Each structure stands twice: as C-alpha cells, then as structure tokens.
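J.: Have a look at this one before I ask anything.
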Amino acid sequence: MSPYVFAWILWILMFFAIELPAVFNRQRGDTLSELVWNVFAIRGKPIGWQLRRLALLVGLAWLVTHLLSGGLV
C-alpha cells in the first residue's frame, strides 16, 4: 500500500470520527453540512452572501468537472 493510499484512508477515518458524533448530538453547526451552510450563507442573507454562494458554486462546479473529466480539468 502506497503512503498516499494510507493517508487517504486515514483522512476518511478521521472525517467519520469527527462527523459521526456531530450527527448524533443535538447541537447545531457542528457537522460539515452545517458548517458549509453557515460559511457560504445558504440560510439567510448576511453581508456578502452572493459572493459566498458564487464561490461555493464555482468550487463545486470545478470539483465535479475535474472528477468527471478524469483529471483533464
């Protein structure tokens, strides 16, 4: 197993170690989804909400294009 495969597996395990307790508690704002919603102003319209949502849209569009193109983009 290459060091990169090991690192990605470790990264995924750490993600679940952080996310699962956050999912099962009743506190708001501690899951990845809730963090993204807060940072990119998905709920509500604070100052700069349009720029934040545009940044999220551009980032997600690039990620999807990159993954579907096999790394050509």
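J.: If we keep just the residues of segment 17-37 that are polar (S, T, N, Q) and not in a helix (DSSP H, G or I), which is least open to solvent (accessible area, probe 1.4 Å)?
T.: Among those residues, the one meeting the criterion is 31.
J.: Report yes if residue 52 is part of a helix (DSSP H, G or I), open to solvent by 80 Å² or more (accessible area, probe 1.4 Å), basic (Lys, Arg) and free of Cβ contacts under 8 Å to residues at least 24 places away in the same chain, otherwise no.
T.: In short, yes.
The values are calculated or read from the model by the stated rules, or taken from the named source; none is laboratory data. The shown structure was predicted, so the numbers you read here are calculated from the model rather than taken from an experiment. Using ideal geometry, Cβ is built from the backbone for each residue, glycine included, and neighbour counts are taken over all protein chains shown. We work out accessible area using only protein heavy atoms, side chains counted, and drop any ligands, DNA or RNA first. Shrake-Rupley method; radii C 1.70, N 1.55, O 1.52, S 1.80 Å.
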